[in-house]
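Participant: Would you mind keeping the following structure in view while I ask a few things?
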Amino acid sequence: MANGFITFGSFNNLSKLSDIAAVCWARILEAVPQSRLLLKARQLEEAAVQEDIRKRFVALGIDRDRIVLKKIMPDRLQHLGAYQEIDIALDPFPYAGTTTSVEALWMGVPVLTLSGERFGSRAGESILKNIGLNGWIADTPDDYVKKAKTFAADLPGLTALRANLRGELLASPVCDAVRFAGNLEGAFRGMWREWCANVGA
């Protein structure tokens, strides 16, 4: 609201920015007038990499001024503080973010993800389901673009969601270490019993 435009963003490693994800992100920028895309990654220390990223989006019809690039920040607090410059985080695909997704949610930034078929492409879906944000999980690339446009247009809803995200994350299974450890112990015990039963047979 302070900027007068929506800022989408991703702090993922640039190796996760697949061609199909870049196309979808460009479509989102086209669908949301005046919006920006903020990318922050270690690779952006290099001027040549910055230029390559801008050229990728220019080739997709996006003005280079709408792509905001940030270098990695060595200070942890500065890194987390940079999430305050993003309104909606875009999860890359087919290889989704994990740590960056939880960081974004911790800092009150909702994450839009695309459901995949393999482990590496379902991390975002798993995290969002565990905090009750099923509506932020897209089924197809077209749905991904549609959801981004819809959420960007609902500033009151976005503001309300952002205000409660950290609390919802803390109260979810994502942050329940005791529950996770208990489930893992149960899985190990089950595997051990199955192995013992098969050896005895």
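The values are calculated or read from the model by the stated rules, or taken from the named source; none is laboratory data. Note that the structure is a prediction, hence the values are computed from the model and not measured. Here the Cβ is made from the backbone with ideal geometry for all residues, glycine too, and neighbour counts use every protein chain on show. All accessible areas refer to the heavy atoms of the entire protein, side chains included, with ligands and DNA or RNA removed. Shrake-Rupley method; radii C 1.70, N 1.55, O 1.52, S 1.80 Å.
Participant: Please list, in chain and number order, the residues 5+ apart from LEU38 or on another chain whose amide H is under 5 Å from its amide H, with Hs placed from the backbone.
Facilitator: Hits under the 5 Å cutoff: PHE8, GLY9, SER10, VAL68.
Participant: Accessible area per residue, 1.4 Å probe, Å², for region 98-201: what's the number?
Facilitator: Dividing the accessible area of region 98-201 by its residue count gives 60 Å².
Participant: Shifting gears a bit: How far apart, in nm, are two points set 7 Å out from the Cα along the Cα-to-Cβ line at MET1 and at SER18?
Facilitator: About 3.7 nm, to one decimal.
Participant: Hey, what did region 1-145 get for relative contact order, percent, Cα under 8 Å, at least 6 apart?
Facilitator: Contact order relative to length: 24 percent.
Participant: Find out how many positive minus negative residues lie around MET73, taking Lys and Arg as positive, Asp and Glu as negative, among other residues whose Cβ is under 15 Å from that of MET73.
Facilitator: Result for the neighbourhood of MET73: +1.
Participant: On to the next question. Tell me what the chain gives for mean residue ellipticity at 222 nm when only DSSP H runs of n ≥ 4 count, each as -39,500 (n - 2.57), the sum divided by the residue total, rounded to 500 deg cm²/dmol.
Facilitator: -15500 deg cm²/dmol
Participant: Using the Karplus equation 6.51 cos²θ - 1.76 cosθ + 1.60 (θ = phi - 60°), what ³J(HN,Hα) coupling, rounded to whole Hz, does each residue of region 152-167 give in order, writing x for Gly and Pro?
Facilitator: 5, 7, 9, 5, x, x, 5, 5, 5, 5, 4, 5, 10, 4, 4, x
Participant: Among (1) 1.15; (2) 0.93; (3) 1.27, which is the computed Cα Rg over 2.2 N^0.38 Å?
Facilitator: The listed entry that was calculated here is (1).
Participant: Pop out the ³J(HN,Hα) list for region 8-18 in order, Karplus 6.51 cos²θ - 1.76 cosθ + 1.60 with θ = phi - 60°, rounded to Hz; leave Gly and Pro as x.
Facilitator: These are the phi-based 3J(HN,Hα) values: 8, x, 8, 9, 7, 4, 5, 5, 7, 7, 5 Hz.
Participant: With label points built 7 Å along Cα→Cβ from the Cα atoms of GLU45 and LYS146, find their separation and express it in nm.
Facilitator: 4.3 nm
Participant: Around VAL32, what is the net charge, scoring Lys/Arg as +1 and Asp/Glu as -1 over all other residues with Cβ under 11 Å from its Cβ?
Facilitator: For residues surrounding VAL32, the net value is +2.
Participant: What percentage of the solvent-accessible surface of the chain, computed with a 1.4 Å probe over protein heavy atoms, is contributed by carbon and sulfur atoms?
Facilitator: Carbon and sulfur atoms account for 55 percent of the accessible area of the chain.
Participant: Could you pull out every residue, at least 5 positions away or on a different chain, whose amide H is within less than 5 Å of the one on SER18? Hs are placed 1.01 Å off N in the peptide plane, and Pro or chain starts have none.
Facilitator: Long-range HN contacts for SER18: PHE93.
Participant: I've got another one for you. For region 113-124, in order, what is each residue's ³J(HN,Hα) by Karplus, 6.51 cos²θ - 1.76 cosθ + 1.60 with θ = phi - 60°, in whole Hz (x at glycine and Pro)?
Facilitator: Whole-Hz 3J(HN,Hα) from phi for region 113-124: 10, 10, 5, x, 9, 10, 3, x, 10, 10, 4, x.
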